[in-house]
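Report on one structure; see the data block that follows.
The values are calculated or read from the model by the stated rules, or taken from the named source; none is laboratory data. Keep in mind it's a predicted model, so treat the numbers as computed, not measured. Note that each Cβ is placed from the backbone with ideal geometry, even for glycine, and that neighbours are counted across all protein chains shown. The accessibility values were calculated without ligands, DNA or RNA, using every heavy atom of the protein model including side chains. Shrake-Rupley method; radii C 1.70, N 1.55, O 1.52, S 1.80 Å.
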Amino acid sequence: MDEHTGQDDLLILDDAGHRQAAAAEELPALLGGGAEDLLRVAGWPAGILQVGRLEGRFFVSPTRKDLLDCNGVPLRDTRWLEDGDVISGPGRRLRCSLAEGRLRLVSEGVGSTGDTLPPDLEALAAQAADATPAPGPAGPRAETIAAADYRRRHPAAMAPGRRRPGALAIALWSGLAVLLVLGWFAFTAKSVRLVIEPEPELVTLPGTLLKFRIGERWLLRSGEHRVLAEREGYRRLEQVIEVGVQPDQQLRLRLERLPGRITLLTEPAVEGRVLIDDEPVGELPLRDHEVAHGERHFRVEAPRFLPAETTLEVEGGGVAQTLALELVPNWAPVNVTSRPSGATISIDGEQVGETPATLELEAGERRIELTLAGHNAWRDSVSVRPDEPVDLETVVLQQADGRVQLVSRPAGARVTVNGQYQGQTPLTVTLRPAREHEVVLALPGYRNARRTLSVQADSGRRLELELEPLFGEVRLEIVPAEAEVVVDGRSLGTDRVLTLQALPQTLEIRHPGYASQRLEVTPRPGFPQELEVSLLTEAAAREAAIPRSIETSLGGELRLLDVGQFTLGTPRGEQGRRSNEVQRPVELTRRFYLGVHEVTNAEFRAFRASHDSGRFGGQSLNGDRQPVVNVSWEDAVAFLNWLSARDGLEPAYVRRDGRWVLSDPVTTGYRLPTEAEWAWAARHLSRERPARFSWGDDLPPPDRAANLADVSAAQLLPSTLVTYNDGFPVTAPVGSFAPNPAGIHDLGGNVAEWVHDHYAIVPPGDTGTRVQDPLGPESGRFRVVRGASWRHASITELRLGYRDYSDRARDDLGFRIARYLE
């Protein structure tokens, strides 16, 4: 837009290279050739056309019904504008273009000249009005001098003075003023739709002078207006609204329904409180209480009665409604009798009367007790249900028991009376009078004490018993013979035959230079026990304490491998050998743990939940127990550092110069095995000579020896072993094949494996000098990859000595975990 238009302009007129515009608040706008027209069209009479906008649509309305046409049809009434309409007038036509809520009018000449316009009657009337003298102060009055026919005037007509306007002129001027006001109101008023729910019976705007109503719409000036609405059953609405500057507006108002008048009664009539929608509102009885209309939840709570609840649709609008609720007692009568009578009754520990009695007890489980002098107390429980009477059977009270206080040395003996466990000494037991009772005290390591007792009613006595200890014999055979024996912290020297009480005993066997041993033994009277003990040297004891296998927090098993010397690489004469399999002597000095299986998808997704190992040939590589693939060397290292931190280990890798390197010294955190460690576990450990293949020295492999490119993958891979079948066209769940002699699975199949070392054809250093714990070159683009995979079928790739390399992820390349013992 140029200087004549802005972002808020909705109506744009291009006329003879001159651009004019009108904003929303300036609509409706007059178009014509007059000086007072908002948008001017050269050659058109003044105010010939009005353009406005209502409910988002543009319309035109002619002020002269004989001068304009639209699309060749005379334009005499108001009509909506459509894109492409053409409005023709005297000497010019306007082409209409609608886009993005804006109307653009382009003025064009029609090529005709000399048209004579019909007289503009309204303009002539205005000129006549201008010629009428206006009232003003006395004195000379300016007049326009124009050529006119000479006529002799009567002298009386030439007398000085002022001529007063007639009644007709005043009426015309007043009507014109009213028209001007109405026109001004029509052009400036806004169309406002008042939506009041529910529909009121009366709507007025009492404080607004200029207003005009058409159905739900009002023509109102911008500003504040007071709305008054009424409907029976609703509160009177009296609200001030704000009419904005937009030409078309909608305002929503809502009438508030009057509350209903609720009376709530109960049967029986009791005192209590009333809750409506869980809010307390008053006490019973509730009368003519105002409640908002709608569905309401009523609840009555009264002492000794169950809560009563119901829902009621409150009509509101001042309508009176009555609600009656029947209350159910929350207690029941309970009849209590005894023989003999006169026993004191206690309910839940509180005395409430004497037998016989009828008690009103609150619903629930109640503890009842009857007591009478010279008799044993009777105790029971009774289940009371609301409004359901209970008749208890007559309680026969027994004569009071005698009491015996039992004391043993040592204390803590188990007491039984007539075979029924009573507790531990010291203990007071009650015994029925006038009969015999067998009392037994038992304590481990002591002989049982038995007594037969009888007591008098309501009597008491004390019985003290000394328990007799029991002993057993323990015979020891110890290596070395000079070892010392300690029992419960007491040294017995080199005694080898021990007489000990028949209780659990702690024996410690110790000797300088040896790891002590602790034994738990319980001697058995009459049954001697013989124990053989061989002490381990401290070094042997430390070795025995080292776990041979460990688990990660993800459940992955690692096995401890012994170390030694071997030759890394393959001899020149080995069939399928590659030139990068250079031989060199190596010694591994630090024992290490190695993963029994390759890392699985489930384990890796615990670290990176979004990882997807993918598919190949329609076969999934993404099963939880399948080895993770499509991971780079850096992905593997990031997983291992994360797992180290999770398991409380110091991570083995650190970032240095933008790349991962082993820490110096190397920690016991999880890491990738070195190439030497991988080869040691795959070819040498627990073997008499280096293995050529994971299954032996010859081809073809026996069925199910390892997961290789077999006949099940013939439709997926270009090259397979035509006589071999392992049953898996792609990766197999880890552990699907037998382990090697070191107890490690899948070193010769399933997936190839990342190792720690950078790749070099010839490793650094003198190939004739034995290297200890080699870590490979310090830098390089590629990393070493070892082991065959489900894609491999050639003799070169199937060998355990095969060395590959890569710098990116593959669908047949995974990894396993390693870590140093110490």
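Tabulated data
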| quantity | calculated |
| --- | --- |
| So residue 38, is it of a type outside the set (Val, Ile, Thr), closer than 26 Å to residue 222 by Cβ and crowded, with 17+ Cβ neighbours inside 10 Å | yes |
| Selection count, the stretch 493-513, where residues are farther than 24 Å from residue 538 by Cα, part of a strand (DSSP E or B) and open to solvent by 50 Å² or more (accessible area, probe 1.4 Å) | 2 |
| Test: residue 819 is part of a loop (DSSP other than H, G, I, E, B) and charged (D, E, K, R) | no |
| Selection status of residue 263, out of contact with any helix residue (DSSP H, G or I) (no Cβ under 7 Å at 6 or more places or on another chain), assigned to a loop (DSSP other than H, G, I, E, B) and either open to solvent by less than 80 Å² (accessible area, probe 1.4 Å) or closer than 30 Å to residue 309 by Cα (or both) | no |
| Filter result (among the aliphatic types (A, V, I, L, M), open to solvent by less than 60 Å² (accessible area, probe 1.4 Å) and outside any helix (DSSP H, G or I)) within the stretch 531-549 | 531, 533, 535, 546 |
| Criterion: exposed (fewer than 13 other Cβ atoms within 10 Å of the Cβ) and either within 28 Å of residue 772 (Cα to Cα) or among the polar types (S, T, N, Q) (or both) - qualifying residue of 591, 692, 655, 671 | 655 |
| Any hit, the stretch 290-305, residues being under 23 Å from residue 255 (Cα atoms), open to solvent by 10 Å² or more (accessible area, probe 1.4 Å), among the charged types (D, E, K, R) and more than 39 Å from the chain's Cα centre (by Cα) | yes |
| Of residues in the stretch 221-237 being modelled with pLDDT of 90 or more, of a type outside the set (Gly, Ala, Ser) and more than 28 Å from residue 281 (Cβ to Cβ), the one surrounded by the fewest Cβ atoms within 10 Å (Cβ to Cβ) | 224 |
| Within the stretch 174-197, tally of residues that are open to solvent by 40 Å² or more (accessible area, probe 1.4 Å) and under 27 Å from residue 233 (Cα atoms) | 2 |
| Filter pass, residue 556 being touching a Ser or Thr at 6+ places or on another chain (Cβ under 9 Å), farther than 26 Å from residue 690 by Cβ and either of a type outside the set (Phe, Trp, Tyr) or surrounded by 14 or more Cβ atoms within 10 Å (Cβ to Cβ) (or both) | yes |
| When residues of the stretch 614-629 are limited to those that are in contact with a strand residue (DSSP E or B) (Cβ under 8 Å, 6 or more places away or on another chain) and of a type in the set (S, T, N, Q), the one surrounded by the most Cβ atoms within 10 Å (Cβ to Cβ) | 626 |
| Filtered residue count, the stretch 776-798, keeping only those that are within 19 Å of residue 598 (Cβ to Cβ) and assigned to a loop (DSSP other than H, G, I, E, B) | 6 |
| Some residue of the stretch 64-73 being open to solvent by 50 Å² or more (accessible area, probe 1.4 Å), in a strand (DSSP E or B) and touching a residue at least 12 places away in the same chain (Cβ under 8 Å) | no |
| Pair list, Cβ < 8 Å and 6+ apart or interchain, from the stretch 224-237 residues that are over 15 Å from residue 197 (Cβ atoms) and in a loop (DSSP other than H, G, I, E, B) to residues that are open to solvent by less than 80 Å² (accessible area, probe 1.4 Å) and at pLDDT 90 or above | 236/228; 236/229; 236/230 |
| Every residue from the stretch 358-382 that is surrounded by 15 or more Cβ atoms within 10 Å (Cβ to Cβ) and over 24 Å from residue 456 (Cβ atoms) | 359, 361, 363, 366, 368, 369, 382 |
| Sole residue being at pLDDT below 95 and surrounded by 17 or more Cβ atoms within 10 Å (Cβ to Cβ), chosen from 603, 581, 574 | 581 |
| Residue 732 being at pLDDT below 95 and of a type in the set (A, V, I, L, M) | no |
| Tally, over the stretch 77-95, of residues that are open to solvent by 90 Å² or more (accessible area, probe 1.4 Å) and outside any loop (DSSP other than H, G, I, E, B) | 2 |
| Subset tally (residues that are farther than 30 Å from residue 406 by Cβ, of a type outside the set (Asp, Glu) and either open to solvent by 20 Å² or more (accessible area, probe 1.4 Å) or touching a Pro at 6+ places or on another chain (Cβ under 6 Å) (or both)) for the stretch 467-479 | 3 |
| In the stretch 200-220, the residues that are open to solvent by 70 Å² or more (accessible area, probe 1.4 Å) and of a type in the set (A, V, I, L, M, F, W, C) | 202, 209, 212, 214 |
| Tabulated pairs, the stretch 201-220, first touching a residue at least 12 places away in the same chain (Cβ under 8 Å), second aromatic (Phe, Trp, Tyr) and open to solvent by 60 Å² or more (accessible area, probe 1.4 Å), C-beta under 6 angstrom, 6+ apart or interchain | 219/212 |
| Identity of the residue in the stretch 630-652, assigned to a loop (DSSP other than H, G, I, E, B) and among the acidic types (Asp, Glu), that ends up least open to solvent (accessible area, probe 1.4 Å) | 647 |
| Verdict on residue 385 being open to solvent by 70 Å² or more (accessible area, probe 1.4 Å), basic (Lys, Arg), in contact with a Lys or Arg (Cβ under 8 Å, 6 or more places away or on another chain) and closer than 22 Å to residue 346 by Cβ | no |
| Matching residues, the stretch 696-715, being open to solvent by 30 Å² or more (accessible area, probe 1.4 Å) and either at pLDDT 95 or above or on the phi > 0 side of the Ramachandran plot (or both) | 704 |
| Residues within the stretch 777-806 that are modelled with pLDDT of 95 or more and among the acidic types (Asp, Glu), tallied | 2 |
| Of the criteria (1) touching a Lys or Arg at 6+ places or on another chain (Cβ under 9 Å); (2) surrounded by fewer than 16 Cβ atoms within 10 Å (Cβ to Cβ); (3) not in a strand (DSSP E or B), which one residue 456 fails | (1) |
| Filter result for the condition that a residue is surrounded by 18 or more Cβ atoms within 10 Å (Cβ to Cβ), assigned to a loop (DSSP other than H, G, I, E, B) and either under 46 Å from the mean Cα position of the chain (by Cα) or not charged (D, E, K, R) (or both), over 729, 718 | 729 |
| Pairs, first within 11 Å of residue 796 (Cβ to Cβ) in the stretch 568-589, second assigned to a loop (DSSP other than H, G, I, E, B) and basic (Lys, Arg), C-beta under 6 Å, six or more apart | 570/577; 576/799 |
